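J.: Before I ask anything, here is the structure I am working with.
The values are calculated or read from the model by the stated rules, or taken from the named source; none is laboratory data. Keep in mind that what you see is a predicted model, and the values were worked out from it rather than measured. Note that we place each Cβ from the backbone using ideal geometry, even for glycine, and neighbour counts take in every protein chain shown. These accessible areas exclude ligands, DNA and RNA; they are computed on the full protein's heavy atoms, side chains included. Shrake-Rupley method; radii C 1.70, N 1.55, O 1.52, S 1.80 Å.
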Amino acid sequence: MKNTLKLIHSIAAMLAFSLILVFFTSTLAVELFGDKQAILQVKTYIMYGVILLAIAMATTGATGIKMAPRANKGPIGNKKKRMPFIAANGILILIPCAVYLHHLASNNLYDNQFYLIQGVELITGACNLILMSLNIRDAKQLKSKAAKH
């Protein structure tokens, strides 16, 4: 059972990280090289993709808590401390930004407000990528220690 939880946790975590990375890079690419129609397409994909992202993030959190409910120190403790920030960024900033940017793009409103919200979304996405990278690093440390024992 524990190995199944670890596998589900790893898959969900890597899916969440990959989705944020794809959202981030596709946004940058379309802003630099795409037209308004391409921007709308990316915003549409992201808006629907955040549903899968939310599921992946919730699964990652739930399986992590289930595997180590009392761990508050070391790499697991560090991961647990980061998770509320990652989740809050997603729920309070990234999801609303995705929905609102899609709304603006759907109405051809590429104005200062669009680009301000876009900037907030990119900065928050970058923060989550950094925090999630640190969690991946800590998970690798745990695997490395477990392999030595």
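J.: Tell me which residues, restricted to region 125-139, are open to solvent by 60 Å² or more (accessible area, probe 1.4 Å) and modelled with pLDDT under 95.
T.: Scanning region 125-139 gives a single hit, ARG137.
Results for (1) in contact (Cβ under 8 Å) with a residue 40 or more places away in the chain; (2) among the polar types (S, T, N, Q); (3) closer than 29 Å to LEU32 by Cα; (4) surrounded by 14 or more Cβ atoms within 10 Å (Cβ to Cβ), shown as yes or no for each residue.
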site: ARG70; (1), (2), (3), (4): no, no, no, no
site: ILE76; (1), (2), (3), (4): yes, no, no, yes
site: ARG82; (1), (2), (3), (4): yes, no, no, yes
site: LEU94; (1), (2), (3), (4): yes, no, yes, yes
site: HIS102; (1), (2), (3), (4): yes, no, yes, yes
site: ASN108; (1), (2), (3), (4): yes, yes, yes, no
site: ILE123; (1), (2), (3), (4): no, no, yes, no
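J.: Working carefully through the options LEU101, LEU116, find the one that is at pLDDT 95 or above and closer than 17 Å to THR25 by Cβ. It would help to see each step written out before you state the result.
T.: Working: LEU116 fails: closer than 17 Å to THR25 by Cβ.
Answer to the selection: LEU101.
J.: Report the residue count in region 110-121 for those that are open to solvent by less than 30 Å² (accessible area, probe 1.4 Å) and free of Cβ contacts under 8 Å to residues at least 60 places away in the same chain.
T.: In the first step, residues of region 110-121 are kept if they are open to solvent by less than 30 Å² (accessible area, probe 1.4 Å); the result is 114, 118-119, 121.
From the residues that got through so far, the ones that are free of Cβ contacts under 8 Å to residues at least 60 places away in the same chain too are 114, 119.
The qualifying residues number 2.
J.: Does ASP111 satisfy the condition of being closer than 22 Å to ILE65 by Cβ and among the acidic types (Asp, Glu)? First the steps, then the outcome.
T.: Values: closer than 22 Å to ILE65 by Cβ: no; among the acidic types (Asp, Glu): yes.
Considered against the rule, which asks whether it is closer than 22 Å to ILE65 by Cβ and among the acidic types (Asp, Glu), ASP111 comes out as no.
J.: Further, regarding this structure: Of a type outside the set (Ser, Thr, Tyr) and more than 18 Å from ILE20 (Cβ to Cβ) - does that describe any residue in region 89-104? Give the steps one after another, and end with the answer.
T.: First, pick out the residues of region 89-104 that are of a type outside the set (Ser, Thr, Tyr): 89-99, 101-104.
Those left that are additionally more than 18 Å from ILE20 (Cβ to Cβ): 103-104.
Taking every residue of region 89-104 in turn, at least one turns out to be of a type outside the set (Ser, Thr, Tyr) and more than 18 Å from ILE20 (Cβ to Cβ).
J.: Please name all residue pairs, on different chains or six or more residues apart, with Cβ atoms under 9 Å, provided the first residue is in region 2-31 and is farther than 16 Å from ILE130 by Cβ and the second residue is acidic (Asp, Glu) and buried (at least 18 other Cβ atoms within 10 Å of the Cβ).
T.: Listed pairs, sorted by first residue: THR27/GLU121.
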